[in-house]
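Structure first, then comments.
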Amino acid sequence: MRHIRIGARGSRLSQVQATSVRSALITAHPDLTITIVIFKTEGDRLIESPLPLIGGKGVFTEEIEHALLEGAIDVAVHSLKDLPVAQPDGLVIGAIPERGDVSDLLICSRANDLWSLPLQAVVGTSSLRRSAQLMAARSDLQPRSIRGNVETRVKKLLDPSQNFDAIVLAKAGVDRLGIKIEHSHDFELEVMLPAPGQGALAVQCRESGLVRELISDIDHPISHFCTSAERAFLSGLGGGCSIPVSAHGTMHGGSMTLRGRVSAVKGASTIDSCITGSCASENDALGLGADLAKKAVDAGARELLEAAV
């Protein structure tokens with residue numbers, strides 16, 4: 001197989017991400033020819049509906065995954081944080097390229113950071129994780145649902161009729177698009193811990209076949225281990241992409257430190273957990289994530305998550 005078809009969503013960010021994977025694959029295998037096939041997903045069509053009401057972030061991936069299973073494409077490129085933890089039968093994450101910035105970015109219409117926003121400022125976000133952590137930091141803030149691609153959300157922020165004082169986006173997406181923002185602030189991880197897998201891309205393929213071998217050459221083991229641990233933490237809590245769960249793993253030598261956070265929807269209470277252990281394989285990473293989830297459950301995380309549903 002010397003011709004590979006990559007499936008991606010129609011947004012500019014998704015196409016930029018798919019193009020970066022295409023470039024990495026051609027660098028690793030110069031004899032490949034690669035085309036990008038664009039899909040419009042259910043999540044793209046229902047742009048005004050809150051994500052939890054239309055099925056969570058899986059609505060951005062299901063149609064592309066179906067095309068992959070049917071053989072209409074050979075590879076799918078997703079933002080890893082949008083990809084449900086459970087993989088459909090027959091599909092795997094074949095590679096996770098080197099991860100981008102994991103942090104969340106506050107973009108303001110006039111203020112320079114979270115603390116200089118006006119009292120009861122309206123902050124746009126479609127994420128329960130972000131809104132919970134915003135309110136934990138400042139209980140007066142008013143999170144309000146906002147949908148659309150990165151450019152659309154920035155445009156809504158700058159439109160006075162929309163009445164947003166700020167929005168929160170993943171910094172990696174803004175960086176990949178090369179968007180320059182005048183009033184923005186990178187959240188410290190102590191304030192806003194990222195979503196499991198944030199900043200990383202997932203290169204998904206069928207479980208067997210030559211394509212899996214080819215894309216393994218663009219895998220970045222440290223990024224793969226850390227995001228696997230984060231997603232195992234989420235899985236161990238019995239949750240999907242839309243619940244207020246945060247996680248971040250870092251590697252030092254052969255050791256991983258994994259931090260996790262479970263938040264009440266309104267930010268009134270938070271359970272923070274941390275674990276450190278040796279990590280030489282993906283199985284080690286999965287074990288660390290599962291152990292941290294158990295630690296969080298013992299501290300009362302299940303009760304917070306049940307209240308969030």
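The values are calculated or read from the model by the stated rules, or taken from the named source; none is laboratory data. Nothing here was measured: the structure is a model prediction, and the numbers come from that model. When we count neighbours, we look across all protein chains shown, and the Cβ atoms used for this are built from the backbone with ideal geometry, even at glycine. All accessible areas refer to the heavy atoms of the entire protein, side chains included, with ligands and DNA or RNA removed. Shrake-Rupley method; radii C 1.70, N 1.55, O 1.52, S 1.80 Å.
Residues to consider are 92, 154; find the one that is surrounded by fewer than 18 Cβ atoms within 10 Å (Cβ to Cβ) and not in a loop (DSSP other than H, G, I, E, B). I'd like the intermediate steps shown before the answer.
On the way: 154 fails: surrounded by fewer than 18 Cβ atoms within 10 Å (Cβ to Cβ).
Exactly one residue qualifies, and that residue is 92.
Here is a list of conditions, (1) open to solvent by 10 Å² or more (accessible area, probe 1.4 Å); (2) outside any helix (DSSP H, G or I), and residue 213 meets all of them except one; can you say which number that is?
(2)
Of the numbered conditions (1) within 30 Å of residue 22 (Cβ to Cβ); (2) crowded, with 20+ Cβ neighbours inside 10 Å; (3) not charged (D, E, K, R), residue 148 satisfies every one except a single condition; which is it?
In the conditions (1) within 30 Å of residue 22 (Cβ to Cβ); (2) crowded, with 20+ Cβ neighbours inside 10 Å; (3) not charged (D, E, K, R), residue 148 misses (2) alone.
So residue 81 fits all but one of (1) modelled with pLDDT of 90 or more; (2) more than 15 Å from residue 205 (Cα to Cα); (3) open to solvent by less than 30 Å² (accessible area, probe 1.4 Å); what number is the exception?
Checking residue 81 against (1) modelled with pLDDT of 90 or more; (2) more than 15 Å from residue 205 (Cα to Cα); (3) open to solvent by less than 30 Å² (accessible area, probe 1.4 Å), the one that fails is (3).
Here are some residues: 285, 301, 264, 296. Which one is in contact with a Pro (Cβ under 9 Å, 6 or more places away or on another chain), touching a residue at least 40 places away in the same chain (Cβ under 8 Å) and surrounded by 17 or more Cβ atoms within 10 Å (Cβ to Cβ)? Give the steps one after another, and end with the answer.
Numbers: 285 fails: in contact with a Pro (Cβ under 9 Å, 6 or more places away or on another chain); 301 fails: in contact with a Pro (Cβ under 9 Å, 6 or more places away or on another chain); 296 fails: in contact with a Pro (Cβ under 9 Å, 6 or more places away or on another chain).
After ruling out the rest, the residue left standing is 264.
Scan the stretch 278-309 residue by residue and report those that are out of contact with any Ser or Thr (no Cβ under 7 Å at 6 or more places or on another chain) and over 18 Å from residue 243 (Cα atoms).
280, 281, 283, 287, 288, 291, 298
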